[in-house]
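Everything on this sheet refers to the single structure shown next.
All of the numbers you see were taken from the coordinates with simple rules; none came from a lab. This structure is a prediction, so every number in the text was calculated from the model and none was measured. Neighbour counts run over all protein chains shown; Cβ positions are idealised from the backbone, glycine included.
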Amino acid sequence: MIKFDGVGLNLKAGKLRTHILDDVTVTLPSDRTLILLGGHGSGKSTIIKLIAGLLLPDEGRISRMARVSYPVGYTGGFVPQLTARRNIVHAAELYDADPDEVVSFVAQVTEMGSALDEPIAHLPPKFRTYFGYALSYALPFDVYLVDTNLSIGDQAFREKCSAMFGERIRSAGAIIATRNPRIARRYGNCAAIIHDRQIIMYDDFETALGDFERTHLTEQAAQNLGAADDSAQESADS
């Protein structure tokens with residue numbers, strides 16, 4: 001399980017300060033596929049980074065009683081000057097996996113061939129992206145963190161990613177941050193909603209989706225109405 005105890009988080013960019021979480025105390029399961037539902041700008045991506053340990057809370061603490069992944073597809077931990085192979089070996093050793101098995105897995109999934117022995121910095125963007133996703137699924141975690149995208153790229157690679165994720169969650173948990181009900185219903189078996197700087201766990205999955213869809217549609221309608229009013233005012237002013 002992953003426990004939030006009085007967690008608060010603010011993001012600062014110059015003079016702008018965004019309040020993401022306020023005194024959140026909640027326990028997230030690590031043995032299920034949790035859907036973390038949030039609308040645009042709710043902080044979904046930030047919370048995934050927080051769970052992964054890529055960000056630290058301003059207040060409170062997070063306890064992880066499971067081996068938690070970094071966000072699937074994340075490439076920020078790679079050393080650009082090292083070859084793809086050396087980066088794989090480094091990651092495998094860091095997460096107590098067999099380096100040869102992980103290298104073989106990534107090579108097969110990405111079909112990179114000799115590019116595995118090129119520095120990461122020299123790889124085309126497509127290979128770097130595929131490499132990041134393949135390595136994420138190659139490493140054994142108790143909980144896989146997904147920020148919106150389970151897969152990326154062309155149809156063939158997307159199908160590989162879907163298959164890899166499906167295989168992983170047969171024996172591991174996952175937390176998927178999304179606002180897409182279709183993704184939620186396809187993969188999830190429990191849910192939480194990010195609302196008013198809180199993470200609200202639900203006992204019933206369909207109730208969570210229903211509440212989110214109603215709230216999200218209401219917020220979207222309000223935003224559209226506000227945009228229409230602004231446009232009408234600009235026309236009147238002109």
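If R0 is taken as 35 Å, the Cβ-Cβ distance between Thr207 and Ala121 corresponds to a FRET efficiency of 0.15. As a length-normalised measure over Cα pairs under 8 Å and 6 or more apart, the relative contact order of region 1-153 settles at 26 percent. With 22 Å as the limit on Cα-Cα distance, the pairs of Lys12/Lys126; Lys3/Lys44; Lys44/Lys126; Lys3/Lys160; Lys3/Lys49 that go past it are Lys12/Lys126; Lys44/Lys126; Lys3/Lys160.
Seen from Ile175, the other residues with C-beta closer than 14 Å to its C-beta sum to a net charge of +4, counting Lys and Arg as +1 and Asp and Glu as -1. Applying 1/(1 + (r/R0)^6) with R0 = 35 Å to the Cβ-Cβ distance of Asp196 and Asp31 gives a FRET efficiency near 0.80. Residue-wise HN-Hα couplings along region 73-81, as the Karplus relation 6.51 cos²θ - 1.76 cosθ + 1.60 with θ = phi - 60° gives them from phi, are x, 5, 10, x, x, 6, 9, x, 6 Hz; Gly and Pro carry x.
Compared with the alpha-carbon gap, the fully stretched path from Glu93 to Asp22 is longer by 21.9 nm at 0.36 nm per residue. Fully extending the segment from Lys12 to Ser63 would add 15.9 nm, taking 0.36 nm per residue of separation and subtracting the current Cα-Cα distance.
Applied to region 112-120, the Karplus parametrisation 6.51 cos²θ - 1.76 cosθ + 1.60 on θ = phi - 60° returns per-residue 3J(HN,Hα) values of 6, x, 5, 5, 4, 9, 9, x, 3 Hz, with x for Gly and Pro. Here His19, His90 are placed in order of increasing Cβ neighbour count within 10 Å, fewest first, which gives His19, His90.
Relative to the Cα centre, the charge distribution of the chain, modelled as +1 at Lys and Arg Cβ and -1 at Asp and Glu Cβ, gives a dipole magnitude of about 340 debye.
Between Ser69, Ser114, Ser171, where does the largest GNM mean-square fluctuation fall for the chain, given springs only between Cα atoms within less than 10 Å? Result for the chain, Cα springs under 10 Å: Ser114 fluctuates most. Applied to region 170-183, the Karplus parametrisation 6.51 cos²θ - 1.76 cosθ + 1.60 on θ = phi - 60° returns per-residue 3J(HN,Hα) values of 5, 10, 9, x, 7, 10, 10, 8, 7, 10, 9, x, 5, 4 Hz, with x for Gly and Pro.
When exposed loop sites are taken as trypsin sites (Lys or Arg not before Pro) in a DSSP loop with at most 13 other Cβ atoms within 10 Å, the longest stretch of the chain clear of them is 16-169.
Along the axis of the charge dipole computed for the chain (Cβ charges of +1 for Lys and Arg, -1 for Asp and Glu, origin at the Cα centre), the listed residues Phe157, Pro29, Ala192 are led at the positive end by Phe157. In this structure, the amide hydrogen of Ile20, modeled 1.01 Å from its nitrogen in the peptide plane, lies closer than 5 angstrom to those of Leu9, Asn10, Leu11, counting only residues at least 5 positions away or on a different chain. Computed from label points 7 Å out along Cα-Cβ, the spacing between Arg158 and Asp100 is 3.7 nm.
At full extension, Glu111 and Gln81 could sit 8.7 nm farther apart than now, given 0.36 nm per residue minus the alpha carbon distance.
Using C-alpha pairs below 8 Å separated by at least 6 residues, the relative contact order for region 75-140 is 43 percent. With the charge dipole of region 75-140 set up from +1 on Lys and Arg Cβ and -1 on Asp and Glu Cβ about the Cα centre, the Cα lying farthest toward the positive end among the listed residues Leu123, Gly77, Gln108 is that of Leu123.
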